[in-house]
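Heads up, the thing below is written out as C-alpha cells.
The values are calculated or read from the model by the stated rules, or taken from the named source; none is laboratory data. All values derive from a computational prediction rather than experimental measurement. Cβ coordinates were reconstructed from backbone atoms using ideal geometry, including for glycine residues, and neighbour counts include every protein chain displayed. Ligands, DNA and RNA are stripped out before the accessible areas are found, and what is left, the full protein with its side chains, is counted by its heavy atoms. Shrake-Rupley method; radii C 1.70, N 1.55, O 1.52, S 1.80 Å.
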Amino acid sequence: MDVVVFPASENANRTHFETTLDTAYLLLDDNQTKLPTTIPTTVHQVLIANELIPDPHRERNERKIQHIHDEDWRFQLEFDVDWDWLSARPGRAVDVVFEGLDTVCEVRMNGMEDVALSTKNMFRSYRLPLHSKGGSWLRRQAQTQTMELLFRSSKRFGDAVLAADGGSRACWNGHPARLYVRKAQYHFGWDWGPSLITTGPWRNIKLEYYTMGRIDNIFVTSQPFDVDGTDVVEVTVHAEINSAEWRIDTGTTHELLVILKGPIWDHRESSFTLLPVEKVGPVQTCRGSIRIPNPERWFPRGYGNQALYSVRVDLVSSYDKTVIHSRSKSFGIRSVELVQDILWPSPLESDVRQTGTSFYFRINGTPVYMAGANWIPADSFLPRTSPEKLREMLQLLVDGNMNMARVWGGGIYETEEFYDLCDELGIMVWQDITLACGNYPAENDQWLLEIEAEVTEQMKRLSSHPSMIIVAGNNEDYQLAEEEIVDYDATDLVIGQDKAACLETGFPSRWLYERRFPELLDSIWGEPLVGGFTSRNAVVNTNSGGPVGGVVYWPGSPWGGLDSTDKCVGDVHQWHVWGGILAPFQSYPQLGGRFISEFGMSSYPSLSTSEKFILPVDSENPAYTNWQHPNIVHHIKAHTWESRFLTYLATTYRFSHVHSLREMTYLTQQLQYDAISTAYRGWRRRWGSSNETRHCGGALVWQFNDVWPAVSWSITSWSDPSIEPNKKHAIPKPAYYAIKEASAPFIVGLERTVISPKGHRVGNIKAAALEMGRTDQCLKGKGVHSVPFIYHERAWVFRLSAWVGVFQLPTPAGVEGMVRVTRFGVSEQGQLTTEILFEKIVTILAGNTTLELGGITVQSATPARDIYHVEFFNLTCGITPQKNTRLAKFTLWPDDIGLLRESCDWVPGLYYEDEPDTDDVGVTVKVKLPVKGLRYEDRWIGDLMPGDSFVLPYECDIAGVGTDHMRDSMNWWHYGDERRQ
C-alpha cells in the first residue's frame with residue numbers, strides 16, 4: 001500500500017492543512033489475508049470487488065450473503081504523519097476525523113490493546129486527537145502509523161439490547177433490533193428493498209493538522225427587520241472554535257474575521273468580527289451579525305432566482321496576525337412560513353370535511369404549491385452514490401417539474417453535495433429525522449444521548465441551506481402508535497411535554513417529537529419555543545412569517561388533527577389506494593388531505609432493468625418470461641402484491657398475454673401513470689386561488705427512486721450505467737411524466753362525477769365512507785359488501801367539471817385563454833365521431849392559481865366508448881409569443897378502459913409521415929383513433945388524439961437503422977396494440 005509522505009518544505013509554512021486517508025485493507029482469515037480497498041466503502045463492496053460474494057442486487061443473490069451481518073469485520077489503515085511540521089513550533093496537533101463510521105466500531109492505534117475511540121452511530125462524525133499537548137497515540141520511532149477499525153455486528157448489537165429490554169418492540173419493516181441501532185433503518189430491509197446490513201467506513205477519513213486552535217463548525221441564521229420601510233435582514237454567523245491551549249475571549253489572543261460575499265454586491269466583500277458568547281470545555285462559541293438592506297432572496301424553482309451568498313471565517317492569531325484556520329460556507333436568504341388558516345367550505349369536499357385548517361408554505365411571502373417526491377437513498381451501498389449520480393438524479397427531478405424532495409426518515413441525512421445541489425437547483429427539502437415506523441426506546445439513556453447528539457450535529461450542518469424548509473420528527477411513528485400501542489392517546493398533548501411521564505408510557509419517543517427535538521432546533525435557529533405543542537396544528541418558527549433563516553418543525557409525518565389520518569389538519573399518508581381497503585385510484589382526488597406527504601402505486605421496473613439485473617443471465621427471450629418468475633418475486637418486497645396488482649389491473653384494463661413479463665411491465669406502468677396523474681391533477685385543482693381556498697398545499701409521491709432493481713412504487717427504474725452504458729442511474733417510468741404534465745406551468749383538467757347509476761366506481765361501502773369521512777375512524781362498522789348498484793339500459797348521466805391552473809410566474813394580469821372540451825366517440829364498427837361539448841373564454845387575473853370553469857351534465861348510452869379531451873389555448877401574446885398556442889391538454893378515458901376494446905372494433909394503430917421539416921430529425925407519428933399510453937422503448941410519448949402528431953428523434957433508434965426499423969419495431973407500445981396478441 002502507498003503511504004502519504006509529507007516533504008518538509010511543502011507544509012512548513014502552513015498553520016492548518018488536511019490530508020485524506022483513502023486507502024485501507026479489509027483483514028480476513030485472522031488477519032492473514034489483506035484485501036486492498038478505497039475509502040469510503042463497505043464490507044459488502046470489498047467482498048464483491050474481490051469476487052468473494054455475488055452482487056446481491058442481481059437475481060436472488062441477496063439470500064446467499066445474509067451471514068455477513070452476523071460477523072465482525074476489521075479494516076486496517078497505514079499512514080505517515082508529518083513529524084517535521086508537528087515539532088516545528090509549540091501548540092501544533094494532528095487529529096484523525098471520521099466523517100462516518102457504520103456503525104458499532106472500535107478504533108485502535110499502532111497495535112495497542114486500549115480502544116482509542118468507540119462509536120455507535122453512523123450519523124455522527126468523530127474526532128480522535130492523535131498528537132497534542134495532552135498526549136499521543138502515535139509511534140515516534142517510525143513515521144508509518146497503523147490504525148485498526150473493528151466493526152462489530154450491528155445486528156447482534158441490536159439483538160442484545162432488544163433481548164435485555166424484553167425481546168419485543170413494535171416495529172414495521174425490518175427486524176425490531178434496528179430500533180436500538182443508530183444506522184440507516186432501511187439496511188434491515190423494507191417493503192421495497194433488500195436486507196443488506198452494511199458496515200465499514202462509509203464516509204471520508206482525514207488527518208487534520210492545526211496550530212493552537214481550529215474552527216470546528218460555522219453556520220448562518222438570519223432575521224428580518226423593517227427599518228423605515230426598507231427590507232433589511234440581519235445575518236448572524238455562528239462559529240465553534242476549539243482551542244485547548246489558548247483561551248479565546250474578549251481582548252485576548254485570537255480574532256475571528258468574517259468575509260461575506262453576496263450576489264447583490266457583484267462579489268464585493270463586507271467584513272466584521274465575531275465575539276465569544278459561550279464556552280463549554282475547549283469549545284468556544286462565537287457570534288457576529290451584519291445587516292443587509294434589500295437582500296437578494298433565494299426562491300424555489302419556478303418562483304424566482306436561487307441567489308446564494310458565501311461566508312468565510314478566518315481565525316486570526318493575535319500574536320502575528322496570521323490566519324490560523326479558515327472555513328467557508330454558502331447560504332441563502334429566504335423566509336418560510338407554514339400557513340394553517342381556517343378554511344372556507346369547498347364544493348369539492350363533503351360536509352364532514354369542511355372544518356379544519358390549511359397546510360401550505362409561503363416562501364418569501366409567496367404561496368408555493370409543493371409538487372415533489374419522496375427521496376430514499378440512491379443505493380443499498382451508500383458509498384457508491386457519487387456527486388455526479390446525485391446531480392443526474394436531482395436534475396431529473398427538476399426536469400419533471402418537481403420542486404420538493406422529502407428525505408425520508410428510514411434513510412440517511414444526505415451528503416453535503418445533495419443539499420448544495422438542492423440550493424443550486426431550487427429544490428425545497430422536507431427533512432425527516434432518521435426515525436421510521438417504530439416505537440423507539442427513548443427511555444434508554446444511552447440511546448437518548450445518541451439521538452440528541454446526532455440531531456444537534458446534523459441540524460447545525462444543514463441549517464445554512466436555504467433549501468431546508470421543514471424538519472419532521474419521524475416517519476409514521478405516530479401511525480404505528482395508533483395501531484400498535486394500547487395506552488397511546490393522540491389528543492393528549494400534555495403528556496408529550498413531560499419527560500418523566502412520557503417515558504413511562506408505551507410510546508416514550510413522543511417526548512422527543514413534541515418537546516426535545518423542537519428545543520434542539522430552537523437552540524440552533526434561535527427561536528424560543530414556549531410551552532411546546534399545545535394543539536395538533538401548532539408549529540414552530542412560523543408565526544408572523546417565520547425567521548428568514550429558519551425552518552418549520554413538524555412532530556412527525558403524518559401528524560395533525562384528530563389522528564394521523566385526519567384529512568382536514570396537517571399532513572397525511574394516503575395508502576388506501578394500493579394498500580388498506582384497495583380503494584379505486586379514481587377516488588384519489590376525494591381521498592387527499594391538506595398536504596399529502598406519501599401516496600403511490602406500484603409498478604414493474606423497465607424491461608431492460610429486469611433483463612439485465614433481475615432475470616438469470618442465460619434467460620432465453622426474457623421479455624416473455626412469466627411475470628411471476630422466482631427472481632422477479634424475490635425483487636418484490638411488498639406483501640400480497642399479486643392480489644393488489646390484479647385487483648387494479650383486472651378492473652381497469654384487459655390482458656393479452658397474462659403470463660408475459662413484457663405486458664405486465666407495460667400494464668403496471670400504465671396503471672401507475674393513470675393513478676399518479678389522477679392524484680396530482682385532482683389535488684392540484686384544490687390549490688385554489690386565495691388563502692381561504694387552499695384545500696391542498698402539496699403532494700409528494702412515494703417514491704422517486706429505488707435502492708436496487710425492484711418492483712416498487714418508484715417513478716424511476718434503478719440502473720447501473722457501468723453495465724448498461726446507454727442508460728442513466730434512474731430511468732423515468734411513465735408515472736414520472738404524469739407528474740411532469742400535472743406540475744407544468746399550465747395545466748388543465750376534467751373530473752367526472754357519475755350521477756346515475758348510483759354506486760358507480762366506489763365499489764364498496766368502505767370506499768364510499770372513506771371518500772366522505774375525515775379520518776379512518778369513518779370505516780368502523782362499515783362492511784365491504786357492494787354499494788347498491790342498479791343496472792338499467794337507460795343512458796348514464798354524469799357531470800363533467802373543467803378547471804385550469806396557471807403556475808407560470810410572473811403571469812401578466814388580464815391574459816385571455818380558451819378552454820375546449822371535445823368528446824371522441826368510437827362506434828361499434830370502430831368509426832370515430834367528434835363533438836365539441838364546451839368552449840369557454842377565461843381571463844387569468846393572476847398566476848399561481850387554479851380556476852374553476854364550471855361544467856356540464858352529459859348523458860351517454862355508451863360510457864365505455866366515450867373519451868373526453870380538454871385543451872387550453874392562449875388568445876393573447878401575454879403568455880407566449882404567439883397567439884392560439886395550445887398550453888395544456890388532458891384526456892379523460894373511461895374508468896374501465898378495458899370495456900372499450902370489448903364493446904367496439906377499436907384498433908387505434910399508428911401511421912407515419914415523412915414531413916419535409918422533419919426528414920432530418922426523426923419519424924412523425926400520427927393517429928386516426930385516440931391512442932392511450934404510447935411509448936417507444938423507455939421513451940414516454942403519452943396519449944395522442946386525432947390531429948395530434950409527435951416527432952420521434954432518430955437518436956432514439958438504438959439499432960441505428962433509420963426510419964423503416966423505427967416504424968416496424970416491436971419497441972412501440974400503446975394500450976390495445978393488437979400486435980401483442
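Some notes on this structure:
- Note on segment 858-965: enclosed strands (runs of 3 or more DSSP E) holding 2 or more residues that are at pLDDT 75 or above are 866-874, 886-892, 922-926, 931-936, 939-944, 949-953.
- Scanning segment 281-307 for residues that are among the hydrophobic types (A, V, I, L, M, F, W, C) and either open to solvent by 60 Å² or more (accessible area, probe 1.4 Å) or free of Cβ contacts under 8 Å to residues at least 60 places away in the same chain (or both) turns up 286, 290, 307.
- Enumeration of residues in segment 60-82 that are surrounded by fewer than 16 Cβ atoms within 10 Å (Cβ to Cβ), assigned to a helix (DSSP H, G or I) and touching a residue at least 12 places away in the same chain (Cβ under 8 Å): 63, 66, 70
- Scanning segment 39-59 for residues that are touching a helix residue (DSSP H, G or I) at 6+ places or on another chain (Cβ under 6 Å) and either free of Cβ contacts under 8 Å to residues at least 60 places away in the same chain or open to solvent by 60 Å² or more (accessible area, probe 1.4 Å) (or both) yields a total of 4.
- The single condition among (1) surrounded by fewer than 19 Cβ atoms within 10 Å (Cβ to Cβ); (2) part of a helix (DSSP H, G or I) that residue 590 does not satisfy is (1).
- Extreme residue, most open to solvent (accessible area, probe 1.4 Å), among residues of segment 819-840 that are at pLDDT below 90 and assigned to a strand (DSSP E or B): 833
- Elements of the type strands (runs of 3 or more DSSP E) sitting completely within segment 688-760 and holding at least 2 residues that are closer than 23 Å to residue 771 by Cα and at pLDDT below 85: these cover 746-756.
- The strands (runs of 3 or more DSSP E) located wholly in segment 139-229 that include 1 or more residues which are farther than 30 Å from residue 310 by Cα and either open to solvent by 10 Å² or more (accessible area, probe 1.4 Å) or hydroxyl-bearing (Ser, Thr, Tyr) (or both) occupy 144-151, 188-190, 193-195.
- Residue that is nearest to residue 100 (Cα to Cα) [pool: residues in segment 23-43 that are in contact with a Pro (Cβ under 8 Å, 6 or more places away or on another chain) and of a type outside the set (A, V, I, L, M, F, W, C)]: 40
- Residue match in segment 356-376 (condition: hydroxyl-bearing (Ser, Thr, Tyr) and in contact with a Lys or Arg (Cβ under 6 Å, 6 or more places away or on another chain)): yes
- Options 338, 394; residue that is touching a Cys at 6+ places or on another chain (Cβ under 8 Å) and within 23 Å of residue 679 (Cα to Cα): 394
- Among the residues listed as 355, 322, the single one being under 23 Å from residue 699 (Cβ atoms) and surrounded by fewer than 18 Cβ atoms within 10 Å (Cβ to Cβ): 355
- For segment 76-109, a residue qualifies if it is touching a helix residue (DSSP H, G or I) at 6+ places or on another chain (Cβ under 6 Å) and farther than 30 Å from residue 29 by Cα, and the qualifying residues are 82, 84, 85, 92.
- All conditions in (1) open to solvent by less than 30 Å² (accessible area, probe 1.4 Å); (2) among the basic types (Lys, Arg); (3) touching a strand residue (DSSP E or B) at 6+ places or on another chain (Cβ under 6 Å) hold for residue 389, with the sole exception of (3).
- The residue that is most open to solvent (accessible area, probe 1.4 Å), among those in segment 682-697 that are charged (D, E, K, R) and more than 18 Å from residue 892 (Cβ to Cβ), is 692.
- Residue that is nearest to residue 297 (Cα to Cα) [pool: residues in segment 310-319 that are touching a strand residue (DSSP E or B) at 6+ places or on another chain (Cβ under 7 Å) and open to solvent by 40 Å² or more (accessible area, probe 1.4 Å)]: 310
- Segment 109-123, residues that are aliphatic (A, V, I, L, M) and either free of Cβ contacts under 8 Å to residues at least 24 places away in the same chain or open to solvent by 10 Å² or more (accessible area, probe 1.4 Å) (or both): 112, 115, 116, 117
- Residue 361 being buried (at least 16 other Cβ atoms within 10 Å of the Cβ) and under 28 Å from residue 709 (Cα atoms): no
- If you go through segment 720-753 and keep only what is among the small types (Gly, Ala, Ser) and without any contact (Cβ under 8 Å) to a residue 24 or more places away in the chain, you end up with just 722.
- Test result for residue 816, within 28 Å of residue 930 (Cα to Cα) and either open to solvent by 40 Å² or more (accessible area, probe 1.4 Å) or charged (D, E, K, R) (or both): no
- Checking each residue in segment 448-462 for being more than 20 Å from residue 178 (Cα to Cα) and surrounded by 23 or more Cβ atoms within 10 Å (Cβ to Cβ) picks out only 459.
- Verdict on residue 606 being of a type in the set (Gly, Ala, Ser), open to solvent by 10 Å² or more (accessible area, probe 1.4 Å) and either free of Cβ contacts under 8 Å to residues at least 60 places away in the same chain or not assigned by the TED database to the domain that holds residue 190 (or both): no
- Picking from residues in segment 600-635 that are more than 29 Å from the chain's Cα centre (by Cα) and among the small types (Gly, Ala, Ser), the one that is farthest from residue 675 (Cα to Cα) is 619.
- Listed conditions (1) closer than 30 Å to residue 565 by Cα; (2) outside any loop (DSSP other than H, G, I, E, B); (3) in contact (Cβ under 8 Å) with a residue 12 or more places away in the chain are all met by residue 631, apart from (1).
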